[in-house]
Amino acid sequence: MSVQVEKLEKNMAKLTVEVPAEEVEKALQAAYMKEKNKISIPGFRKGKVPRAMIEKMYGAAVFYEEAANILIQDNYAAAMEESKEDIVSRPTIDIVQIESGKPFIFTAEVAVRPEVTLGKYKGVQVTKIDTTVTDEEVEAALEKEQQKNSRTVTVTDRPVANGDTAVIDFEGFVDGIAFEGGKGENHPLEIGSHSFIDTFEDQLVGKNAGDEVDVNVTFPEKYQATDLAGKPALFKVKIHEVKAKELPELNDEFAQDVSEFNTLEEYKEDLKKHLEVQKEDEAKRTKEDEAIQKIIDKSTMEIPEAMIKTQCENMVNEFAQRLAQSGLSMEQYMQFSGLTLDKLEEQVRPEAETRIKSSLVLEQIAKDENIEVSEEEIDAEIEKMAKAYGMEADKLKEYMGDAEKESMKRDISVTKAVDLVMENVKERAKAKTKKEKEAEAEENAEENAAASKQNKSKQRGHRKVRWLFLPSRSIIGPVDQL
């Protein structure tokens, strides 16, 4: 196999790959073996027709397409490696020549990793984030845990209220005609969840179990079912049952039930510690994102479109895998959402570009700073992965190829580049908004008025001094004497 590389504009390259004729013959024979059971010719049993007979009847090119697929799959990875190019996209393949007895020639147009000219990456300013945990936040976390440990009881002595779950039958009509997908039975609807359109849930508040209710709503103008978009609808609703959450009492017994602590105060203290860790982690990520974005803004790079397209496809595939884990296929999701693959890729494109730019600048920092990754660091990462997968580290290492190890090495170097950036950042206080400044000025004015009134009563018969109060409440003075 031989590979020629032609540099194109905008960080693109074309690989011209030539595979020897003997490999073409092997691929044609493999294609014949794969396809022969699908071909019937009178006088021969299926699967027993000689290749020469098939090629004579259907033409010499009958197996070319399958043979080309085999040859590309067998040779593209090696061609990438031989090209010495840092390829960052899926290839666009064109077949130049395929013919029995001749070399197979194909081209692969690919994006290559663009060069990055870094801006300032040491001493980047980031916003200082207050990670103090307030009593209100602790109480909110406690309430969340209380809600989690609630039990559902059937309500018979009052009507539906916000927060209740109403078990309902419903059927929707537009212009007096029932529409598809507008009917349900024994559906548990949480009132206030806004999972149903418009004011549907609000119109059930105050009703009782056993009531039959007419609910009038209007579909949104941009509703996924275009035949219903913007139209008024009537839903016939039957309320079967009303259920409410019964919350446990917040006391020492509750703490003992949901935690390892004996008292509620001890449990609240533990919640506070967890919230502090959580806020510290969130602040760390936010400051990292801000620092990296500022480096990106000061750096220059020309990202090829094929690289962005590949990243978008990867992100959509990741999303499809997450859907599959929750029991939903991509086809079902697109049907429910009204989206297409193209629209999904369009939605993820901004995030795809950010990911690419972040990786490029961090990899360039690692390169400029001569950041190295040791075998011990790779082994430690493999150990961590093995623990997460419930495997033995040695077994996982055996399964990993050179490409996976190189990818891991790159990820570790990027992490070390992030650490280097964050070790050198400069924190600055968050700038006050106009509303915050006005509120602070108003508060200072009230304090100044009260202080002035108090001073007048104390200073009768004494020398009077005027002080200048700044918005920060610092004092510069005396500025003059009266």
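Observations, loosely collected:
- Test for residue 300: is it at pLDDT 95 or above, under 20 Å from the mean Cα position of the chain (by Cα) and among the polar types (S, T, N, Q): no
- In segment 375-415, the residue that is nearest to residue 87 (Cα to Cα) out of those that are in contact with a helix residue (DSSP H, G or I) (Cβ under 9 Å, 6 or more places away or on another chain) and outside any helix (DSSP H, G or I) is 400.
- Pair list, Cβ under 7 Å, 6 or more apart: segment 24-46 residue closer than 16 Å to residue 58 by Cα, other residue open to solvent by less than 80 Å² (accessible area, probe 1.4 Å) and among the basic types (Lys, Arg): 32/51
- Hey, residue 6 out of contact with any strand residue (DSSP E or B) (no Cβ under 7 Å at 6 or more places or on another chain) and not small (Gly, Ala, Ser) or not: no
- For segment 308-337, taking the residues that are more than 15 Å from the chain's Cα centre (by Cα) and closer than 22 Å to residue 112 by Cα, the one that is surrounded by the fewest Cβ atoms within 10 Å (Cβ to Cβ) is identified as 309.
- Of everything listed in (1) surrounded by fewer than 16 Cβ atoms within 10 Å (Cβ to Cβ); (2) more than 29 Å from the chain's Cα centre (by Cα), the single unmet condition for residue 117 is (2).
- Any hit, segment 53-70, residues being closer than 17 Å to residue 27 by Cβ, hydroxyl-bearing (Ser, Thr, Tyr) and modelled with pLDDT of 90 or more: yes
- When each of 432, 426, 409 is tested for being in contact with a strand residue (DSSP E or B) (Cβ under 6 Å, 6 or more places away or on another chain), modelled with pLDDT under 95, open to solvent by 60 Å² or more (accessible area, probe 1.4 Å) and closer than 30 Å to residue 123 by Cβ, the lone residue that passes is 426.
- Pairs with Cβ under 9 Å, 6+ apart, first in segment 213-233 and under 11 Å from residue 174 (Cβ atoms), second of a type in the set (A, V, I, L, M, F, W, C) and loosely packed, with under 12 Cβ neighbours inside 10 Å: none
- Failed condition for residue 117, given (1) more than 30 Å from residue 420 (Cβ to Cβ); (2) at pLDDT 95 or above; (3) of a type outside the set (A, V, I, L, M, F, W, C): (1)
- Residue within segment 241-249 that is at negative phi, in a helix (DSSP H, G or I) and of a type in the set (Asp, Glu) present: no
- Output for segment 70-91, where each listed residue is among the polar types (S, T, N, Q) and exposed (fewer than 15 other Cβ atoms within 10 Å of the Cβ): 73
- Single unsatisfied condition, residue 130 versus (1) free of Cβ contacts under 8 Å to residues at least 40 places away in the same chain; (2) not in a loop (DSSP other than H, G, I, E, B): (2)
- Among the candidates 323, 275, the residue that is in contact (Cβ under 8 Å) with a residue 40 or more places away in the chain and assigned to a helix (DSSP H, G or I) is uniquely 275.
- Scanning segment 338-363 for residues that are open to solvent by 40 Å² or more (accessible area, probe 1.4 Å), among the hydroxyl-bearing types (Ser, Thr, Tyr) and not in a loop (DSSP other than H, G, I, E, B) yields 354, 359.
- When segment 239-295 is filtered for residues that are among the aromatic types (Phe, Trp, Tyr) and open to solvent by 100 Å² or more (accessible area, probe 1.4 Å), nothing remains.
- Restricting attention to segment 142-183, the residues that are open to solvent by 100 Å² or more (accessible area, probe 1.4 Å) and either within 21 Å of residue 238 (Cβ to Cβ) or assigned to a loop (DSSP other than H, G, I, E, B) (or both) total 7.
- Pairs where the first residue, in segment 54-67, is in contact (Cβ under 8 Å) with a residue 40 or more places away in the chain and the second is of a type outside the set (Ser, Thr, Tyr) and surrounded by 13 or more Cβ atoms within 10 Å (Cβ to Cβ), C-beta under 6 Å, 6+ apart: 67/27; 67/28; 67/31
- Residues (surrounded by fewer than 12 Cβ atoms within 10 Å (Cβ to Cβ) and of a type outside the set (D, E, K, R)) located in segment 126-141: 132, 134
- Whichever residue in segment 188-204 is surrounded by 15 or more Cβ atoms within 10 Å (Cβ to Cβ) and of a type outside the set (Asp, Glu) and, among such residues, is nearest to residue 228 (Cα to Cα): 197
- Positions within segment 104-114 being open to solvent by 40 Å² or more (accessible area, probe 1.4 Å) and either touching a Ser or Thr at 6+ places or on another chain (Cβ under 9 Å) or on the phi > 0 side of the Ramachandran plot (or both), in sequence order: 109
The values are calculated or read from the model by the stated rules, or taken from the named source; none is laboratory data. Source: prediction; values computed, not measured. Cβ: placed from backbone, ideal geometry, glycine included. Neighbour counts: every protein chain shown. Surface areas here come from the heavy atoms of the whole protein model, side chains and all, with no ligands, DNA or RNA. Shrake-Rupley method; radii C 1.70, N 1.55, O 1.52, S 1.80 Å.
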